[in-house]
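So the structure is just underneath, and the comments pick up after that.
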Amino acid sequence: MALSYLPQSLRSKIRVGWADIVIFIAVFGLFFSLKHLGHEMQAPFSANRQTPISLSLTALPGYAARSLLRMFLAFGASILFTFVYGYIAAHNLSARKILIPLLDILQSVPVLGFLSVTVTGFMAIFPGSIMGLECASIFAIFTAQAWNMTFSFYQSLITIPRELREAATVYQLNWWQRFVKLEVPFSMIGLVWNGMMSFGGGWFFLAASEAISVLGNSFYLPGIGSYMAIAVARGDNRAIVYAIIMMVFIVVLVDQLFWRPIVAWSQKFKFEQTDSIDEPKSVVLDIIRKSKALPWLANKLGAPLARLLNQMFGKASQIAESGGQTTVVVKSVFKYCIAIASIAGVLYASYRGFEVARHTVNLRMLEDVFFYAFLTFLRVLTMVVFATIIWTPIGVAIGFSPKLSKIAQPLVQIGASFPANLLFPIVVIAFIRLHIDNLNWGSILLIALGTQWYILFNVIAGASSVPSDLREAATVFGLKGWNLWRTLILPAIFPAWVTGALTAAGGAWNASIVAEVAQSGNTHLYAEGIGNYIAAATTAGNWPQIIVGIGVMSIYVVLLNKFVWRPLYSLGETRFGLG
Amino acid sequence: MAIRPATERATLLSAHKVVKYYGDNEKRILVLHDVSLSIKEGEIIAILGPSGSGKSTLLRILAGLSTPSGGEVRFRGEVQKGSNPHVAIVFQTFALFPWLTVYQNVEVGLLNSEVPEMQRRRRILDAIDVIGLDGFEDAYPKELSGGMRQRVGFARALVVQPEIMFMDEPFSALDVLTGENLKKELLSLWRSRKIPTKSIVMVTHNIEEAVTMGDRLIVMGANPGCIRVELPGLPIEQRGKENPQHLRLVDYVYGVMTKPTEEIAEYVSVEHRQVHEKRRAFQALPHVAVGQVTGLVERLHADGDKEDLYVLGNELHMEVDDLLPLIQAIDMLNLGNIESGDVMLSAAGIHFAEAGVLEEKEVFRQQAADHIQLIRYILKALKAAPNNRVRWDTINKELLQYFSEDEAERQLDTAVDWGRYAELFAYDDQEGFFYLENDINLPADAG
């Protein structure tokens, strides 16, 4: 042992081991970078005089760090949103009736289309500083990450076993203690899993929101997305390669240093009461656990802080629950005010929207837009069908072999996280060289690049959870070839496939906004579809067209959700569910 | 120390004409009807009852977790509002938080108390010690066996020093030996007054357990939940399987519980309370599978066509909760009769037991078509319907007049199970309708 040369009395007093030194260095480095980056985020900015993006290798880590910071800020906001929104929806029955359908719609709306709105909005809030653009980008990433986690949290909250809830009531826990000791821990596993998936989905939005054309201006946020965009625009192949390598590196880094430890730690919240053999492990978590200083710090700082919070919330809830007539009246009045305010807000916003639309929208325009949306729908459909046909056999083969799954799962996960739109410019150049003059078919490939991984990922997961006794029965009874697929494999993986296809399709709609239009040098390629329509409208700053475009796309998505995905999903649960 | 006579002891908790409904106005289901009881200091009360008697609901109302729809509950004279901080509950499934250690789980009840830090720590460690888990303070629940987890549940309840400790079937999730062990330890703690709890209220479906532990037994009835009989428990010296009084009381309680619709006035000699049960067009079918009925009838036949219910329960390792529905099914199908704590096979039952597989079906078919009102109703509807087809929803709607939504569905499921076995009718689950198959020969007087 490193400290074995010290006398016993001194050894026990020392609260620092080598693990602590590692952690200390890491934390110090983190704080320093954050301070530096935070400073940069408030740099002065104006549309005409933007700091040019440098393509040198030395600038790249800085850009990567900026992008990473955005991702985490958005994630932090997502977590906060999740806790507040999910909590209210789970505990308040009347709010639930609005909040959950609203969440559904929010999930379907293609947020990338709103970029023009958010950019101008935030820039107005932070005039003269780059903060406005940063916020717009962070907001775009937030919308990619938040909804899934909120749903998961809400689901967990309403499925807490009755006896645990009763124990919390009988032993007089106030609402804060319930939240911290029961509700959040119970939801933790779902939150971590969904968080991991959602975080990965945010990379796409990061890349899409760093280099944008809005209202006739081109904006570049310092970050890896812009780096790539500029590199392609200038044809700097070396820089392109650097960017791709850096992107992969960051995705892997976040996975190893952030997600793996969290997943390993969250195992202690598993609700099944048995110790499972195959627990996820993480080197980083092991190092943290070896630290001696952290538990001491947790005791000295954490415990008093927890007590303070507890006292504050305890007092607040005592007042709220004291049940006198006046508090009841005050609470109702409060609720009514909020309800009226929100309804008024929504009505006003819709009214303004209608006003704008009324003057510029006519039937012909609507016809066009619906038609474009239909074309994009066909592309999404084609993508789902082809991805299913190609990847299902591969996914099943991987899923049936535990060894292969162990290797493949993290790889596919990274593939799903990697923002495919980073690669779009390269593919577009290839198209140009091949003299393909429009993106009508090419955009399908582009869309698939980003979203087909969800299908593969879920098929692998579905195949690996087919119970082995079913497979053994199939072997014993000589099921082979098409019979095997028809009787066992396809039905068994159906629910998982639905989840994957649904996610892929959702991502595809969003992706169409960046996949149906591309520019390289002086060549301008586009596809006929609603993604192109919205993108063009955004660049031109044509508000009515933006609103109509987004509206129509949302209608398509919501209708598809209701009439295709929802029934498929419940079919998967009732008929094909494995129990 | 002499035990003070019951009349002198203070009343801690009293329930007066408690009524509980679930659901809203048109569809509401009466779960508890006119329940009145009082819990005095210094006694262990055992609440016994079959499933559906609302005993768990009653426990939650007494503890303040749930408010009664009518009537009131008073704690030390004051009307109880909300969860009572002077009681604790030990749960059937232990209800431990998996992410907290044993120490942290036991600490839960003290988180909001006024007890100062040092004393708190002392109390928690003492509770863990008393319950026999010293050394396990930092273990997580998933590292512990079932018995140890329930001990943590007990420690958590004891550490808040409740005046009343409620227990909701605390030993039913444990294996027999562990359960016995825990019961003995709990009783020893109680009798040596090592715990400051003033009374214990235990809900159970195990008659044996109730007689062993209860100073007073409250037997509940189902549909709707009500108190049928309140019996004094045995004096401590008379408890234990070796004592004839013990066995007699157990048998007696079995007798009371297996007489669902008859007057028990003549049967019961002690003070009793009784509720007139709502008349129904359909019997409440017990939810057992045909295979279980077949198995039991054959077993009874092998045992000489007659058996004492208590002995039967022991042999089959079944609690009254599980045995009762089977006995009721046999009674309803007229394959057997229940009389003073014994079950006896009828002529049809003996025929059933001696028959081969196909003939068994015949007997069952005859009995079901003759005696099961719901099946008769379905057959009548099928005969009258065009194409001999009736939708599930139609039958279900009829049942909703007498049962809650969930219960109506379960009743119909059971009827489908029995009817299909008897080949009286067929059912298509995908499309949701009953139909008659062409080659079925219905018994002449069916429907």
### Message
Could you check the spin-label model distance between A:K268 and B:M344? Points 7 Å from the Cα along Cα→Cβ, value in nm.
### Response
6.4
### Query
Counting each DSSP H run of 4 or more residues in chain A as -39500 (n - 2.57), what helix-only mean residue ellipticity at 222 nm follows after dividing by all residues, to the nearest 500 deg cm²/dmol?
-24500 deg cm²/dmol
### Task
Note down the magnitude of the dipole of region B:290-435 about its Cα centre, charges +1 on Lys and Arg C-beta and -1 on Asp and Glu C-beta and zero elsewhere, to the nearest 20 debye.
860
### Query
Quick one: which of A:K181/A:K281; B:K20/B:K55; A:K181/B:K198; A:K97/B:K397; A:K270/A:K315; B:K20/B:K40 span more than 20 angstrom between C-alpha atoms?
A:K181/A:K281; A:K181/B:K198; A:K97/B:K397; A:K270/A:K315; B:K20/B:K40
### Task
Quick one: which residues, 5 or more positions from A:S129 or on another chain, have an amide H under 5 Å from its amide H? H modelled 1.01 Å from N in the peptide plane, none for Pro or chain starts.
A:F45
### Summary
So, relative contact order of chain B in percent, Cα under 8 Å, 6 or more apart, is 14
### Query
Net charge near A:E166, counting Lys/Arg +1 and Asp/Glu -1 over other residues with Cβ under 11 Å of its Cβ?
+1
### Query
Please state the equivalent ellipsoid semi-axes for the protein assembly as shown: what are the square roots of 5 times the Cα gyration tensor eigenvalues, largest first, in whole Å?
61, 39, 28
### Average silhouette area of chain B, convex hull of alpha-carbon atoms, in square nanometres
25.1
### Task
With runs of 4+ DSSP H residues as the only contributors, calculate the mean residue ellipticity of chain B at 222 nm using -39,500 (n - 2.57) per run, divided by the residue total and rounded to the nearest 500.
-12000 deg cm²/dmol
### Task
Can you check what the Kirkwood hydrodynamic radius comes to for chain A, Cα pairs only, in Å to one decimal?
26.6
### Query
Looking only at GluC sites (Glu not before Pro) in DSSP loops with at most 13 other Cβ atoms within 10 Å, what is the longest site-free stretch of chain B?
B:272-430
### Task
With springs only between Cα atoms under 10 Å apart, run a GNM on chain B and tell me which of B:G356, B:G52, B:G255 wobbles the most.
B:G356
### Query
Any idea which of B:P116, B:F364, B:G221 is furthest toward the positive side of the dipole for chain B, if Lys and Arg beta-carbons carry +1 and Asp and Glu beta-carbons -1?
B:P116
#### Entry: Dipole magnitude (debye, nearest 20) for region B:23-257, charges at Cβ of Lys, Arg, Asp, Glu
260
### Query
Reported to two decimal places, what Rg/Rh ratio describes region B:200-258 when computed on Cα atoms with Rh from the Kirkwood expression?
0.96
### Cα convex hull of region A:533-579 - mean projected area over all directions, nm²
4.1
### Summary
Quick note on A:W203, B:W190, ordering by fewest other C-beta atoms within 10 Å, gives B:W190, A:W203
#### Entry: For region A:450-579, convex hull of alpha carbons as volume per residue, Å³
131
### Query
If you take the Cα atoms of region B:290-435, find Rg, then find the Kirkwood Rh from the mean of 1/r over all pairs, what is Rg/Rh?
1.01
### Eligible aspartates and glutamates near B:K81 by straight Cα distance, threshold 19 Å, same-chain separation 8 or greater
A:E166, A:E321, B:E72, B:E163
### Task
Return one number: the angle in degrees, 0 to 90 and rounded to the nearest 10, between the long axis of the Cα atoms of helix B:117-130 and the longest principal axis of the Cα atoms of chain B.
50
### Qualifying trypsin sites (Lys or Arg not before Pro) in region A:20-107, DSSP loop, other Cβ atoms within 10 Å at most 14
A:R49
### Message
How long are the semi-axes of the equivalent ellipsoid of region B:74-202, taking √(5λ) for every eigenvalue λ of the Cα gyration tensor, in whole Å from largest down?
### Response
22, 19, 14
### Message
Largest first and in whole Å, what are the equivalent-ellipsoid semi-axes of region B:23-257 based on the Cα gyration tensor, each being the root of 5 times an eigenvalue?
### Response
29, 23, 17
### Task
Return the average number of partner chain Cβ atoms within 10 angstrom of each residue Cβ along peptide B:88-96.
5
### Task
Can you tell me the 0 to 90 degree angle between the C-alpha axis of helix B:405-421 and the longest principal axis of chain B, rounded to 10?
50
### Summary
In this structure, among A:K268/A:K290; B:K142/B:K241; A:K331/B:K17; B:K306/B:K361, pairs with alpha-carbon gaps over 26 Å are B:K142/B:K241; A:K331/B:K17
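None of the figures in this text is laboratory data; all of them are computed from the coordinates on show. Predicted model, so just to flag it, every value in this text is computed and none were measured. No Cβ is skipped: glycine too gets one built from the backbone with ideal geometry, and neighbour counts run over all protein chains shown.
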